[in-house]
Amino acid sequence: MHTQTTRYCQVLAILGTVAVVASAQQATPDYRNPNLPIEKRVADLVPRMTLEEKVDQLTGGQRHPGILDSTGKFTPDQAEEAFRRLYQEDTTVSTYDAAVLRNAAQRYAVEKTRLGIPRIFQGEALHGYMFNGSTSFPQCLGLASTWDPDLVRQVFTAAADEMASSGTNQAFSPVIDLARDPRWGRTEETYGEDPFLVARMGAAAIEGLQGSNFQIDRHHVLATAKHFVHGQMEGGRNTGPSNVSERELRESFFVPFEAAVKEAQVGSVMASYNEIDGIPDHTNHWLLGAVLRQEWGFQGYITSDGGALQMLYETHHVAANAADAAREAIAAGVDFDLSDGSVYRTLVDSVKQGKVPEAEVDTAVARVLAAKFRLGLFENPYVDPEYAARTTNSSEHQKLALRAAQESIVLLKNDGDLLPLDLKKLKKIAVIGPNAADVHLGGYSREDGHGVSILDGIRQRVGPNANVLYSEGCKITNGKQGWRGWYENNVRVIDPSTQAEAVRAAAEMARKAEVAIVVVGENETTNREAWSEQHLGDRDSLDLLGAQEQLIKAVFETGTPTVVLLINGRPLSINYVAQNVPAILEGWYLGEEGGTAAADVLFGDVNPGGKLPVTFPRSVGQLPAYYDHKPSRNRSYAFVDSTPLFPFGFGLSYTKFRFENLRVEPAKISSSQNATVRVDITNTGNRPGDEVAQLYIHQRISSVTQPVMALRSFRRVTLKPGEKTTVEFKLTPDALSIIDENMRRVVQPGAFDLMVGGSSAQTNAVELEVLPN
């Protein structure tokens, strides 16, 4: 069924399979006993380790990759080469062959090393396992647009199964930073701007990755909540300082991470590149120790971000060199060196010289080992390559990817009910734009195993019923507009003046059609993580790049009914489009089934029900534009409309919904009681559809200023035409609490406005009174 090439056979020969034969008289050490608690097993193993073996655990086994030649002899040169081959080829080989390779590498660690400590293989699973051929789900901002935590849990359960089956044990996901500045190129990786929404989606992702039990089976992986904590970076620059107060951290940026630790029991946390109040996160004792471990009780291990320890002396200049950086980071609580291991390998000499207490190394090692015990690697270190082949991009996972893409699409505008398109009345359909023909998956993706472009999805849906015309219209950049753009250097936006002829040709083609679907936005070369001066993804503008606006204008002015479909990774200031084009859909990056999902929505097979997880500003001059601002940010700008282009929580439907009979019971409670909020929702249109009921609160008078409104619950419901349902929300004391002037979380008596509706800008309100105890 599977052909193993010569290079894999060679790797297997190098790795060897000779097992360690234990003496019959030797008692089984406690760390080998699966019936003992993890804490006792760790306590037994750490004292057995040499200093070098301990540091090896903190660098991912980088120092001794541990591969034997065909005679059973350890030869470092061959070992290094074999591991280089493993890590290079895992971007192109099948999951079957990757599972074979990782089994072989694991076999050496378990059967040929002195203590038999298994390895943790780490990888990315931002919106699906980042591996060739694996299922690619919608990018996180798209998943957030579903407002459906149960769906997100299913998505990451599938991603975990594909990941674990190939032998990868830890996912550097989810990203639970808040997207408070869309200039930031990693906005696409987040679940939006709101602390509550991000916390719910993040917890669901962690539960999907890790499973429901503390012990993780071989169909799940260790999750990593990251990046603790970005905050709101200066200028929207990826590694810029986060100039936020402790209050803002606790009210907003800490919220998703606290939920990840306390509710979802996340196994790992990744520190952020950034600094807070002048202290880099990787050396911040208060952040990593006092808050994360002591206040929240985090028991997992903290990993550095890639290259972040080097930044301590190369960028932040709080350390003189690698040894100094290692000393500071391990003292602050960073347990694992994620980069090449070179910084933490200095710990061997530092401990021997008395510069670093070995107890600090022991503490970090204990946390890393506990993760391996939690993963069950000591008892079950190997995976089944055949299962990996069966589960990777299976038909079930493709169906889930399609459903996720369908639910994530947001209808922003639909004047004159242009959508859905009636195929019975169409003979020629123009599909135009730089994002129409390519499959765009967003950052942290590999080649999809089953990618459907927007153009292909429309062609497949239309079939012989209409003629689909295509024109690229214009290009955005000189780089490849697929996933590989994440790695490309020196990407340039193409001068619009050089695209004039292509724009005119696209407009002429649109003139011949009965409807034009213009697919524009961003791509993986323009919207991405900025991790060097050659790989930039943060922007100082949110306008459409290149000649895209000219293209839309030219098509629209032909008089052909025009639909704009956005494929992008952050909110864009599409003022011309919003003012003129009758129908707009936001797709974000839709994953491998994006073209099929888009066609389903365009032609009415699916009624869009997504809601925006971020605010669309009219320009960067409005930033910050997030909805849950403080009351004093109430002044408008001169000469412009200062309202958002599209507000947080907004999304239209092909049907209509009515919210009525909002009530709260009881209407008066003490600060320790719960209240129940109910609202009736009716589908008053003629199509079945989804609506998201959103509950916001505002305390009228409080000792510390509060946002004008703050999301506290939500629920996505599906209703048939004429169907009515009652949505119920439980309002707990925690949901009513604030951080007081002494940084304590309390519920203060007073009047609360409870607001429920289909977006943050359209709600009904009822009053709740909280009485003194």
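Can you work out the FRET efficiency for the pair ASN478 and GLU557, with r the C-beta to C-beta distance and R0 = 25 Å, to the nearest 0.05?
My answer for the efficiency is 0.35.
Quick check for you: which residues of the range 233-253 have the amide N under 11 Å from the point 7 Å beyond the Cα of SER702 toward its beta carbon?
251-252
Past 24 Å, Cα to Cα, is the threshold; run LYS226/LYS355; LYS226/LYS399; LYS427/LYS475; LYS40/LYS372 against it and keep the listed order.
Listed pairs above 24 Å: LYS226/LYS355; LYS226/LYS399; LYS427/LYS475.
Place a point 7 Å from Cα of ARG663 in the direction of its Cβ. Which residues in the range 748-766 have their backbone N less than 15 Å from it?
Residues 766 qualify, since their backbone N sits under 15 Å from the label point.
Among the lysines, which have Cα under 20 Å from the Cα of LYS720 when same-chain residues fewer than 8 positions away are ignored?
Within the straight-line cut-off, LYS720 pairs with LYS611, LYS656.
Might you report the magnitude of the Cβ-based charge dipole of the chain about its Cα centre, with Lys and Arg at +1 and Asp and Glu at -1, to the nearest 20 debye?
For this selection, approximately 1040 debye.
Over the chain, what is the mean sequence separation of C-alpha contacts under 8 Å (at least six apart), divided by residue count, expressed as relative contact order in percent?
13
Could you give the length gained on full extension between TYR382 and THR676, defined as 0.36 nm per residue of separation minus the Cα-Cα distance, in nm?
100.9 nm
Extending each Cα 7 Å along its Cβ direction at ASP605 and LYS352, get the distance between those two points in nm, one decimal.
6.6
How many Å² of accessible area per residue for the chain, probe 1.4 Å?
38
May I ask for the percentage of alpha-carbon pairs in the range 278-380 that lie more than 15 Å from each other?
62
Among the GluC sites (Glu not before Pro) in the range 362-451, which ones are in a DSSP loop with at most 12 other Cβ atoms within 10 Å of the Cβ? Mind listing them?
GLU379
Would you calculate a helix-derived [θ] at 222 nm for the chain, using -39,500 (n - 2.57) for each DSSP H run of n ≥ 4 and dividing by the full residue count, to the nearest 500?
-8000 deg cm²/dmol
Please compute the length gained on full extension between TYR576 and LYS425, using 0.36 nm multiplied by the number of residues separating them and subtracting their Cα-Cα distance.
Here the segment from TYR576 to LYS425 would lengthen by 51.5 nm.
To make sure I understand the rule: partners must be aspartates and glutamates, Cα under 18 Å from the Cα of LYS112, and not fewer than 8 residues away in the same chain. Which ones qualify?
Straight-line reach from LYS112, under 18 Å: GLU52, GLU53, ASP56, ASP69, ASP77, GLU80, GLU379.
Arranged from highest to lowest average of other beta-carbon atoms within 10 Å per residue, in what order do the peptides 111-119, 187-195, 715-723 appear?
Top to bottom by mean Cβ count within 10 Å: 187-195, 111-119, 715-723.
Taking square-rooted eigenvalues a ≥ b ≥ c of the alpha carbon gyration tensor, is the range 625-773 rounded, prolate or oblate, where a/c under 1.5 means rounded and, failing that, a/b exceeding b/c means prolate?
Here the range 625-773 falls in the oblate category.
Where both residues lie in the chain, what percent of DSSP beta bridges are antiparallel, nearest 5?
Of those bridges, close to 60 percent are antiparallel.
ARG48 label point, 7 Å along Cα→Cβ, cut-off 15 Å on backbone N: hits in the range 114-130?
Only 114-119 fall inside the zone, counting backbone N under 15 Å.
Quote the relative contact order of the range 286-414 in percent (integer), defining contacts as alpha-carbon pairs under 8 Å separated by 6+ residues.
It comes to 22 percent, rounded to a whole number.
Residue separation times 0.36 nm, minus the C-alpha to C-alpha distance between LYS656 and THR726: what's the value?
Once the chain is fully extended between LYS656 and THR726, it gains 23.6 nm.
Can you list the trypsin sites (Lys or Arg not before Pro) in the range 486-569 that are in a DSSP coil and have 13 or fewer other beta carbons within 10 angstrom?
The qualifying sites are ARG492, LYS512.
By Kyte-Doolittle mean hydropathy of at least -0.5 and Cα axial length of at least 18 Å, which whole DSSP H helices of the chain are selected?
Once both thresholds are applied, what remains is 95-111, 149-165, 195-210, 358-374.
How large is the direction-averaged shadow of the alpha-carbon convex hull of the range 143-188, in nm²?
Over every viewing direction, the Cα hull of the range 143-188 projects on average to 4.0 nm².
If I model a spin label at PHE214 and ASP417 as a point 7 Å from the Cα along the Cα→Cβ vector, what separation in nanometres do I get?
So the label points at PHE214 and ASP417 sit 5.7 nm apart.
How many percent of the accessible area of the chain is carbon or sulfur, using a 1.4 Å probe?
48
Taking K and R as +1 and D and E as -1, what net charge do the other residues with C-beta under 13 Å from the C-beta of ALA599 add up to?
Surrounding charge for ALA599 is -2.
Only sites in a loop by DSSP and with at most 13 other Cβ atoms within 10 Å count here; which chymotrypsin sites (Phe, Trp or Tyr not before Pro) in the range 595-652 make the cut?
Here the chymotrypsin sites (Phe, Trp or Tyr not before Pro) that fit, given the DSSP loop and packing criteria, are TYR637, PHE639.
For the range 633-713, what class follows from the C-alpha gyration tensor (a ≥ b ≥ c being the square roots of its eigenvalues): rounded when a/c is under 1.5, otherwise prolate if a/b is larger than b/c, else oblate?
The shape class here is oblate.
For Rg and Dmax of the Cα atoms in Å, several values are listed as (1) 32.1, 100; (2) 30.7, 105; (3) 27.1, 88; flag the one computed from this structure.
(3)
At a Förster distance of 51 Å, what's the computed FRET efficiency of THR28 paired with THR718, Cβ-Cβ distance as r, to 0.05?
Computed FRET efficiency for THR28 and THR718: 0.40.
Compute the distance in nm between two label points, each set 7 Å from the Cα along the Cα-to-Cβ direction, one at LEU36 and one at GLU234.
Between LEU36 and GLU234, the simple spin-label model gives 5.0 nm.
Determine which aspartates and glutamates satisfy two conditions relative to LYS668: a Cα distance under 19 Å, and not lying fewer than 8 residues away in the same chain.
In chain and number order, the partners are GLU728, ASP734, ASP753, GLU767, GLU769.
The values are calculated or read from the model by the stated rules, or taken from the named source; none is laboratory data. Quick caveat: nothing in here was measured; it's all calculated off a predicted structure. Because the Cβ atoms are built from the backbone with ideal geometry, glycine has one as well, and the counts that use them run over all protein chains shown. Surface areas here come from the heavy atoms of the whole protein model, side chains and all, with no ligands, DNA or RNA. Shrake-Rupley method; radii C 1.70, N 1.55, O 1.52, S 1.80 Å.
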